[in-house]
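A.B. asks: Have a look at the structure that comes next, please.
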Amino acid sequence: NGFGYSWNLFYGPFSSYGIIIFTFLCKSFITSYKIFTFVVLILSGIFMYKFMINLTQNSNTSLLASIIYLTFPYHLTDLYIRNALGEFISFMFVPMVFLGLYKLLKTTENHYYLIIGAVGLILTHNLSTVITCFFCILYILSNFKCLKQSRIKKGLIINIIFIITITSFFWAP
């Protein structure tokens, strides 16, 4: 309605894709927007719970961390006051990135969450990607001894290649 500018002028396309999918289902942009943000909020809590349950092996702690993550004032401010959709959606991917890193460094399980989370961050919010990347580097450096294992080196290189390749349609042009 002639107010503001398109958020995709500066952010990745994922936020608009989600709303478009829901618009096909319910034919109303506003309803689609609300459904999409509700789904993102729920998925943010689920992914934080999944990350914390892997980290702590305690369901009570994981549930509490998930609730705190969902009700954190900055998270809710992005949704209800600032309407910063790209930044709000990025909160869904941050726990996935750290879950993938944790699985890569500490277990022999699949670490595909790192790829999904990083691709989601890049295609959602640029600044959140940079900040998360900085903390990922700190996390990797704090586990420097793990980098001596060829499995971990190979896993990091493969993940980085996949992330760069999948998101190249966004950053390469």
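A.B. asks: If you find the alpha carbon centre of the stretch 106-173 and of the stretch 18-93, how far apart are they in angstrom?
C.D. replies: The two parts, judged by their Cα centres, are 21 Å apart.
A.B. asks: Just give me a number: lysine pairs in the stretch 32-173, eight or more positions apart or cross-chain, with C-alpha atoms less than 27 Å apart.
C.D. replies: 16
A.B. asks: Moving on. Against the 2.2 N^0.38 Å scaling, with N counting residues, where does the stretch 82-135 land? I'd like the Cα-based Rg ratio to two decimal places.
C.D. replies: Computed over Cα atoms of the stretch 82-135, the ratio equals 1.14.
A.B. asks: Between residue 141 and residue 74, what FRET efficiency follows from the Cβ-Cβ distance if R0 is 22 Å, with the result rounded to 0.05?
C.D. replies: Result of the calculation: an efficiency of 0.30.
A.B. asks: Give me the compactness ratio for the stretch 110-160, meaning the Cα radius of gyration over 2.2 N^0.38 Å.
C.D. replies: 1.19
A.B. asks: Taking 25 Å as R0, compute the FRET efficiency from the Cβ-Cβ separation of residue 38 and residue 59 and round it to 0.05.
C.D. replies: The formula returns an efficiency of 0.55 here.
A.B. asks: Over the chain, what per residue volume does the convex hull of the Cα atoms give, in whole Å³?
C.D. replies: Per-residue hull volume (Cα only) is 130 Å³.
A.B. asks: Where does the longest stretch of the chain lie that holds no chymotrypsin sites (Phe, Trp or Tyr not before Pro) found in a DSSP loop with 15 or fewer other Cβ atoms within 10 Å?
C.D. replies: 11-173
A.B. asks: Pull out the extension gain between residue 133 and residue 149, defined as 0.36 nm times the separation in residues minus the alpha carbon to alpha carbon distance; nm, one decimal.
C.D. replies: Going from the current span to full extension adds 3.6 nm.
A.B. asks: Quick one: pull the percentage of alpha-carbon pairs in the stretch 84-173 with a separation above 23 Å.
C.D. replies: Percent of Cα pairs beyond 23 Å in the stretch 84-173: 20.
A.B. asks: Do you know the relative contact order of the chain, to the nearest whole percent, from alpha carbon pairs under 8 angstrom that are 6+ apart?
C.D. replies: The value is 20 percent.
Every read-out reported here was derived from the displayed coordinates using simple, explicitly stated rules and does not represent laboratory data. This structure is a prediction, so every number in the text was calculated from the model and none was measured. Heads up, the Cβs are rebuilt from the backbone with ideal geometry, glycines too, and the neighbour counts pull from every protein chain shown.
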